[in-house]
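Only one structure is covered here, and it is reproduced in the block below.
The values are calculated or read from the model by the stated rules, or taken from the named source; none is laboratory data. Quick caveat: nothing in here was measured; it's all calculated off a predicted structure. FYI the Cβ positions are ideal-geometry reconstructions off the backbone, even for glycines, and counts take in every protein chain you see. These area figures cover heavy atoms from the full protein model, side chains too; ligands, DNA and RNA do not enter into them. Shrake-Rupley method; radii C 1.70, N 1.55, O 1.52, S 1.80 Å.
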Amino acid sequence: MSTQLVSNAESSIVALKKVADYLSRPQQFLAVGEARAELRQTLEEASRHSVVLTNNGLPQAAIVPFETLEAIRSALLQLLVGEMQASFERLQQNLLLDSSQRPPEPTTEDELESLVRQARRSRVKTNSAKRRRR
């Protein structure tokens with residue numbers, strides 16, 4: 001396994017651990033007005049646990065530390081890229097299984113030269129026929 005692959009996997013694990021740790025903490029519900037009045041204290045609370053801002057008793061937003069937000073974004077991006085890659089690989093496998101033939105062999109140099117000769121002959125015949133019509 002390449003060093004970069006290991007490094008990406010390790011950073012993904014670190015991000016997932018940060019997210020899991022933060023999400024396992026209890027949530028504190030706080031009215032928007034109360035949070036506004038005590039913004040500094042609210043931000044300090046957010047470093048210890050989730051702070052959910054409510055409006056008329058209904059959850060409206062959450063305050064999370066920026067580092068946690070970045071860890072969440074990184075973890076989600078890693079999961080998304082991994083799933084996209086797996087989906088692409090499944091699609092490729094399905095295409096190979098669905099086709100009744102093997103993937104086409106690359107064209108050889110001799111075959112290419114033959115195709116070029118045929119195209120030239122066809123062009124010469126077309127040009128000759130056009131000249132005769134004039």
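Listed values, structure above:
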| read-out | value |
| --- | --- |
| Unmet requirement for Ala46, which otherwise passes all of (1) small (Gly, Ala, Ser); (2) touching a strand residue (DSSP E or B) at 6+ places or on another chain (Cβ under 7 Å); (3) in contact (Cβ under 8 Å) with a residue 60 or more places away in the chain | (3) |
| Selection count, region 49-95, where residues are of a type in the set (S, T, N, Q), within 27 Å of the chain's Cα centre (by Cα) and farther than 20 Å from Ser24 by Cα | 6 |
| Subset of region 93-114 that is among the hydrophobic types (A, V, I, L, M, F, W, C) and open to solvent by less than 100 Å² (accessible area, probe 1.4 Å) - its residue that is modelled with the highest pLDDT | Leu112 |
| Number of positions in region 21-79 that are within 26 Å of Glu10 (Cβ to Cβ) and among the hydrophobic types (A, V, I, L, M, F, W, C) | 10 |
| Matching entry among Thr54, Thr68 (being of a type in the set (Val, Ile, Thr), touching a residue at least 24 places away in the same chain (Cβ under 8 Å) and touching a Lys or Arg at 6+ places or on another chain (Cβ under 9 Å)) | Thr68 |
| Number of positions in region 27-63 that are closer than 29 Å to Gln78 by Cα, open to solvent by less than 90 Å² (accessible area, probe 1.4 Å) and not in a helix (DSSP H, G or I) | 10 |
| Any chance Ala75 is of a type in the set (Gly, Ala, Ser), open to solvent by less than 100 Å² (accessible area, probe 1.4 Å) and in contact (Cβ under 8 Å) with a residue 60 or more places away in the chain | yes |
